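Asker: I am attaching a structure below and will ask some questions about it afterwards.
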Amino acid sequence: LTGVLDDCLCDIESIDDFNTFKIFPKIQKLQERDYFRYYKVNLKRPCPFWADDGHCSIKDCHVEPCPESKIPVGIKAGSSNKYSKAANASKELEDCEQANKLGAVNSTLSNQSKEAFIDWARYDDSQDHFCELDDERSPDAQYVDLLLNPERYTGYKGPSAWRVWNSIYEENCFKPRSVYRPLNPLAPSRGESFYTWLEGLCLEKRVFYKLISGLHASINLHLCANYLLEETWGKPRWGPNVKEFTRRFDPVETKGEGPRRLKNLYFLYLIELRALSKVAPYFERSVVDLYTGNGHEDAESKALLLDIFRDTKSFHMHFDEKSMFAGDKKGAKSLKEEFRLHFKNISRIMDCVGCDKCRLWGKLQTQGLGTALKILFSEKEIQSLPENSPSKGFQLTRQEIVALVNAFGRLSTSIRELQNFKVLLQQTR
């Protein structure tokens with residue numbers, strides 16, 4: 001797996017070096033900090049597309065929610081009464097109010113700024129969202145400690161898992177019905193005609209397919225790298241499974257598909273890397289604070305995040321998103337809307353995943369990518385943000401921030417794991 005990626009001027013070796021030496025160690029540290037390790041998610045939402053075929057009973061599918069007492073006070077406060085007038089008016093709720101501003105803004109805001117937050121409640125920003133967001137106020141929404149519920153192989157497979165991915169590719173990637181579906185592993189090889197057709201698509205529709213394929217490849221890599229190797233005396237041992245990796249990615253076993261899927265993983269990494277470099281001005285403002293209630297920890301988290309942003313800006317082969325949606329204004333606007341709705345639908349399909357742990361990480365990574373797309377399409381709004389007050393033009397909730405960082409952390413881990421598999425494969429030859 002070498003050379004330049006399609007649709008951008010970047011080569012695989014440059015990404016490997018940049019990720020290994022700059023990004024991976026820092027993003028690992030950032031994901032361990034309180035602000036980023038607790039994610040609020042509703043794992044009980046019903047599947048909106050087909051009758052639920054029952055939840056997975058495999059014990060490794062289980063997600064352990066976090067007891068309320070473990071959640072930092074600033075994070076808990078930030079998700080309730082987010083923009084309500086009562087919260088602004090009541091002295092008793094002053095502590096909560098401190099954490100209210102996006103779950104992320106310091107307490108020295110003027111009344112005028114507080115009014116702007118109330119306005120936000122009225123401003124329906126769903127036009128910008130590429131994802132169906134969980135309602136954090138739902139009684140079914142619970143905090144999960146991501147460090148205690150790592151993404152790994154759970155044994156969830158078969159018709160239920162296949163139907164989710166099939167629905168994503170078949171019904172949401174842009175393609176005429178005459179083209180053979182890109183997913184079914186039992187189907188005969190599609191041959192080159194599929195890729196000839198894919199190359200014939202406009203850049204945006206090609207990018208959409210690559211993002212989904214890259215996400216799929218990344219998830220598969222995590223499962224291969226964190227596989228249940230044996231369970232003796234009730235003590236599980238997890239680690240890399242070279243045989244499983246070969247089955248999913250080897251050029252011979254996958255009839256040439258594996259390397260293409262991995263290239264799409266690199267492409268997805270570039271897209272999310274670009275989003276991080278673009279959103280930096282949003283976080284560089286003094287008004288934004290990664291608030292958990294622990295001032296020292298919050299300052300360190302923000303410093304580490306800004307350090308990662310500096311690294312992302314130093315990368316010299318970014319994807320140029322200006323090449324997308326660049327045709328006539330009317331056509332570009334309608335294509336962008338189609339793109340957004342297709343992706344939003346995929347985020348809803350995540351509620352059909354039968355295994356809770358797979359659903360948790362599926363929702364988080366989809367929301368992270370959706371947030372990256374929202375950033376890439378909001379460049380003007382981000383550049384015109386005022387320094388000392390919130391803005392109606394562009395906003396991120398704490399959930400979106402946590403998903404964005406953790407989703408990129410997963411991609412960074414995938415590329416790192418790929419290096420490990422290269423070494424393991426050489427050792428087995």
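Asker: Return the only residue of L268, L262, L273, L290 being within 22 Å of L411 (Cβ to Cβ) and part of a loop (DSSP other than H, G, I, E, B). Show your work before the answer.
Answerer: Details: L268 fails: part of a loop (DSSP other than H, G, I, E, B); L262 fails: part of a loop (DSSP other than H, G, I, E, B); L273 fails: part of a loop (DSSP other than H, G, I, E, B).
That would be L290, the only listed residue that is within 22 Å of L411 (Cβ to Cβ) and part of a loop (DSSP other than H, G, I, E, B).
Asker: Just checking, does the range 314-322 include any residue being within 18 Å of F21 (Cα to Cα), in contact (Cβ under 8 Å) with a residue 40 or more places away in the chain and open to solvent by less than 10 Å² (accessible area, probe 1.4 Å)?
Answerer: Scanning the range 314-322 turns up no residue that is within 18 Å of F21 (Cα to Cα), in contact (Cβ under 8 Å) with a residue 40 or more places away in the chain and open to solvent by less than 10 Å² (accessible area, probe 1.4 Å).
Asker: What's the total number of residues in the range 17-48 that are assigned to a helix (DSSP H, G or I) and within 21 Å of the chain's Cα centre (by Cα)? Before the answer, list the steps.
Answerer: From the range 17-48, those assigned to a helix (DSSP H, G or I) are 17-31, 34-37; that's our starting set.
Remaining after also requiring within 21 Å of the chain's Cα centre (by Cα): 18-20, 22-31, 34-37.
Of the residues in that region, 17 qualify.
Asker: Which condition number in (1) open to solvent by 70 Å² or more (accessible area, probe 1.4 Å); (2) out of contact with any Asp or Glu (no Cβ under 7 Å at 6 or more places or on another chain); (3) more than 16 Å from L425 (Cα to Cα) is the one that V252 fails?
Answerer: Unmet condition: (3).
Asker: Now a separate question. Look at E300 and say whether it is at pLDDT 90 or above, over 22 Å from R37 (Cβ atoms) and open to solvent by 40 Å² or more (accessible area, probe 1.4 Å). Walk me through it before giving the result.
Answerer: Numbers: at pLDDT 90 or above: yes; over 22 Å from R37 (Cβ atoms): no; open to solvent by 40 Å² or more (accessible area, probe 1.4 Å): yes.
So E300 does not fit the description; no.
Asker: Say we look at the range 325-345 and pick out the residues that are closer than 27 Å to Q399 by Cα and touching a Leu at 6+ places or on another chain (Cβ under 9 Å); which of these is surrounded by the fewest Cβ atoms within 10 Å (Cβ to Cβ)?
Answerer: Here the residue is R340.
Asker: Scanning for something touching a residue at least 12 places away in the same chain (Cβ under 8 Å), under 20 Å from the mean Cα position of the chain (by Cα) and open to solvent by 40 Å² or more (accessible area, probe 1.4 Å), does the range 261-268 turn up at least one residue? Full working, then the answer.
Answerer: Step one: filter the range 261-268 for residues touching a residue at least 12 places away in the same chain (Cβ under 8 Å), giving 261-268.
Subsequent filtering for residues that are under 20 Å from the mean Cα position of the chain (by Cα) retains 261-268.
Pick out the ones that are also open to solvent by 40 Å² or more (accessible area, probe 1.4 Å) and you get 261, 263.
Checked the range 261-268: at least one residue is touching a residue at least 12 places away in the same chain (Cβ under 8 Å), under 20 Å from the mean Cα position of the chain (by Cα) and open to solvent by 40 Å² or more (accessible area, probe 1.4 Å).
Asker: Turning to a different aspect of this structure: Can you name every one of the helices (runs of 4 or more DSSP H) wholly within the range 351-429 that holds 2 or more residues which are open to solvent by less than 30 Å² (accessible area, probe 1.4 Å)? Reasoning before the result, please.
Answerer: Details: elements: 356-376, 379-383, 398-428.
Passing ranges, in order: 356-376, 398-428.
Asker: Another question, then. Any residue in the range 220-241 that is assigned to a helix (DSSP H, G or I), within 20 Å of the chain's Cα centre (by Cα) and within 25 Å of K344 (Cβ to Cβ)?
Answerer: First, the residues of the range 220-241 that are assigned to a helix (DSSP H, G or I): 220-225.
Right, trim to within 20 Å of the chain's Cα centre (by Cα) and you get 220-225.
After this cut, where a residue has to be within 25 Å of K344 (Cβ to Cβ) as well, the list is 220, 222.
Within the range 220-241, one or more residues are assigned to a helix (DSSP H, G or I), within 20 Å of the chain's Cα centre (by Cα) and within 25 Å of K344 (Cβ to Cβ).
Asker: What is the number of the single condition among (1) more than 30 Å from Y266 (Cα to Cα); (2) open to solvent by 30 Å² or more (accessible area, probe 1.4 Å); (3) modelled with pLDDT under 85 that L9 does not meet?
Answerer: For L9, the exception is condition (1).
Asker: Looking only at residues in the range 275-290 that are open to solvent by 40 Å² or more (accessible area, probe 1.4 Å) and of a type outside the set (D, E), which one is nearest to K205 (Cα to Cα)?
Answerer: Filtering the range 275-290 down to residues open to solvent by 40 Å² or more (accessible area, probe 1.4 Å) leaves 281, 284, 286.
From what is left, the residues that are of a type outside the set (D, E) are 281, 286.
Values: P281: 29, S286: 38 Å.
Per the criteria, the residue is P281.
Asker: What are the residues in the range 1-16 that are within 22 Å of the chain's Cα centre (by Cα), of a type outside the set (V, I, T) and assigned to a helix (DSSP H, G or I), if any?
Answerer: D16
The values are calculated or read from the model by the stated rules, or taken from the named source; none is laboratory data. Because the structure is predicted, anything quoted here is derived from the model rather than measured. All Cβ positions, even for glycine, are placed from backbone atoms using ideal geometry, and neighbour counts span all protein chains on display. When the accessible area is computed, the model is the full protein with side chains, heavy atoms only, and any ligands, DNA or RNA have been set aside. Shrake-Rupley method; radii C 1.70, N 1.55, O 1.52, S 1.80 Å.
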